[in-house]
Amino acid sequence: MSADPEPTGEPEAAPAPRRPGAGPLWTVVLLLAVTAGLLWGASGLAAGLAPAAGLAAFAVAAIAGVLAAGGWFRRVLGGIVAVVACGGAVLLWDGFSSHSVAGSALAVLGLLTLLGSGILVLVKGRRMPRMGGKYAASSQVRRSVDADRRLWDSLDSGADPTLRDTAETTNDLATQGGSADPMPEADRRRG
């Protein structure tokens, strides 16, 4: 008796293709969310770490910025996040000497995750997908749509697109991935 399940006759669905750079993007988003939680928690544990709440709000805003931005602007944002992490350490330096060891530990961890996410965006930000990038059509799809649009426009104007010049029809069909032969093989055998 084998441990393999019996086939159900249904083909397995292929896994959805991953977009390049999607992993680092979601890693940055997760790091920034963890940063916000750590810094928010640190601000509540010690009065000297109250400015950490502002850094937590910055981490939440950075999530939106990283998701919405693209290209060089995203990399600049990564640099800003890293600089803010370093500046946050200077800002919270006095709070680290407070009597709350747990608050200081949370603040240090929060600043380290903020610094790490900033460096990750700075280094890999160019390869990360943009918001709405999956909806961008390739040029081949646009050409196909343009050819289809021309056919519909000629029908709307009353022209018969099947009576056009053979070279133009061949070109349109070739750009759409179809056959340049106006009569399909099955019709040729019947006729």
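Filtering the range 59-75 to residues that are assigned to a helix (DSSP H, G or I) and in contact (Cβ under 8 Å) with a residue 40 or more places away in the chain leaves Ala59, Ala62, Val66, Leu67, Ala68, Gly71, Trp72, Arg74, Arg75.
Tallying residues that are open to solvent by less than 20 Å² (accessible area, probe 1.4 Å), closer than 16 Å to Ala59 by Cα and assigned to a helix (DSSP H, G or I) within the range 80-97 yields 4.
One residue stands out in the range 98-137 among those that are modelled with pLDDT of 85 or more and hydroxyl-bearing (Ser, Thr, Tyr): the one that is surrounded by the fewest Cβ atoms within 10 Å (Cβ to Cβ), namely Ser104.
Under the condition of being of a type in the set (A, V, I, L, M) and assigned to a helix (DSSP H, G or I), which residue from the range 138-160 is modelled with the lowest pLDDT? The residue in question is Val141.
The values are calculated or read from the model by the stated rules, or taken from the named source; none is laboratory data. Given the structure is predicted, the values throughout are model-derived calculations rather than measurements. Reconstructed Cβ throughout: ideal geometry from the backbone, glycine too, with neighbour counts over all protein chains shown. Keep in mind that these areas ignore ligands, DNA and RNA; they rest on the heavy atoms of the full protein, side chains included. Shrake-Rupley method; radii C 1.70, N 1.55, O 1.52, S 1.80 Å.
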